[in-house]
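*Asks:* Supplied in structure tokens, the structure appears directly below.
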Amino acid sequence: MRIEKITYYKSKVYVHFDEIKIELNQEVFKKNILLVGNEYSEDEIKVIKDVNEKFQIRKTITNLIQRREHSKKEIIDKLKAKKHSIKNIIEEVEEFVKLELIDDNRFAKMFTENRINFKKKSPKSIAYELMKRGINQEQISENIKNINEEIIRENALNYGFKKLYTLEIFSENDKLMKIRNHLLYKGFSVEVINYVLTKLKGK
């Protein structure tokens, strides 16, 4: 196929062949000598498009990890949503993993600390969230077992007090039952719930 013209718009370059038009990032365009009037085979054009896609994938990954830690699955899912090829996604993500720029162990640790200290979540809730983000069971268990039990009780007690303030019209037994069910829904253990109910009796 023959290049008929080349146009520019912001950071994009549009290469118009006699049959198709392809969009390239300017950095990719500069690294490939593409000139009006030159002929290119379908295989050559495919290689150029592939290089461009990998560039876009690396750029997206870099932007994501600069904002916050991401799990490997989170990044793959976001790249899939952009309709990139699975092959190129996996290849590029694995390169970031090798460089330890994507690290599920580090992500799981930071995520757990955030959820327990700032979101006040229960260990069960955190484990479920980690699982959805592609963290394996061994990594989940390792992080959950390191959570301070005192913080777990404080978080549950905080939920208990908040729920209590909405139950003024109920009897004490009904209040405690509703708080128990609320804490079970939040994922707290029976042991922690009993601790909270003991603290809230007579309140």
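*Asks:* What shape does segment 99-196 take by its C-alpha gyration tensor, where a ≥ b ≥ c are the square roots of the eigenvalues and a/c under 1.5 counts as rounded, a/b above b/c as prolate, and the rest as oblate?
*Replies:* Prolate is the answer for segment 99-196, as a/c is 1.5 or above and a/b outweighs b/c.
*Asks:* What is the Cα centroid distance between segment 148-175 and segment 26-69, reported in whole angstrom?
*Replies:* 55
*Asks:* Stretched out fully, how many nm does the piece from VAL47 to LYS30 gain, at 0.36 nm a residue minus the Cα gap?
*Replies:* Full extension of this stretch gives 4.6 nm more.
*Asks:* Still on this structure, I have one more. Ranking request for peptides 188-196, 86-94: highest mean number of other beta-carbon atoms within 10 Å first, then the rest in descending order.
*Replies:* Put in order of decreasing packing, that is 188-196, 86-94.
*Asks:* Using label points projected 7 Å from each Cα along Cα→Cβ, tell me how many nm separate PHE170 and LYS87, to one decimal.
*Replies:* Those two pseudo-labels are separated by 5.9 nm.
*Asks:* Just add up the charged neighbours of THR7: K/R +1, D/E -1, any other residue whose Cβ is under 12 Å from the Cβ of THR7.
*Replies:* Neighbourhood net charge equals +2.
*Asks:* Within segment 92-126, list the residues whose amide N lies under 13 Å from a label point set 7 Å along Cα→Cβ of ASN146.
*Replies:* 104-114
*Asks:* Counting alpha carbon pairs within less than 8 Å and at least 6 residues apart, what relative contact order, in whole percent, applies to segment 1-58?
*Replies:* Taking the mean separation of contacting Cα pairs over the length of segment 1-58, I get 33 percent.
*Asks:* Also: Around ASN114, with a cut-off of 12 angstrom between Cβ atoms, what is the net charge of the other residues, counting Lys and Arg +1 and Asp and Glu -1?
*Replies:* Every neighbour counted, the sum reads +3.
*Asks:* Further question: For the chain, what does the alpha-carbon gyration tensor say about shape, rounded, prolate or oblate, given a ≥ b ≥ c as the root eigenvalues, a/c under 1.5 as rounded, and a/b over b/c as prolate?
*Replies:* Since a/c reaches 1.5 and a/b is larger than b/c, the shape of the chain is classed as prolate.
*Asks:* Also, I was wondering about something else. Over segment 149-200, calculate the relative contact order: mean separation of alpha carbon pairs under 8 Å at least 6 apart, over the residue count, as a percent.
*Replies:* 49
*Asks:* Given a Förster radius of 30 Å and the C-beta distance between MET1 and ARG58 as r, what FRET efficiency does 1/(1 + (r/R0)^6) yield to the nearest 0.05?
*Replies:* 0.65
*Asks:* Return a whole-number percent for the relative contact order of the chain, with Cα pairs under 8 Å and 6 or more residues apart as the contact set.
*Replies:* Computed over the chain, the figure is 13 percent.
*Asks:* Also, I was wondering about something else. Ignoring everything except DSSP H segments at least 4 long, calculate the 222 nm mean residue ellipticity for the chain; use -39,500 (n - 2.57) per segment, divide by total residues, nearest 500.
*Replies:* Taken over the chain, the calculation gives -20500 deg cm²/dmol.
*Asks:* Next question, about the same structure. For the pair LYS98/GLU39, report the inter-label distance in nm, with labels modelled 7 Å from Cα in the Cβ direction.
*Replies:* 3.8
Values in this text are rule-based calculations from the coordinates and carry no lab data. Predicted, not measured: the structure shown is a model, and the values here were computed from it. Note that each Cβ is placed from the backbone with ideal geometry, even for glycine, and that neighbours are counted across all protein chains shown.
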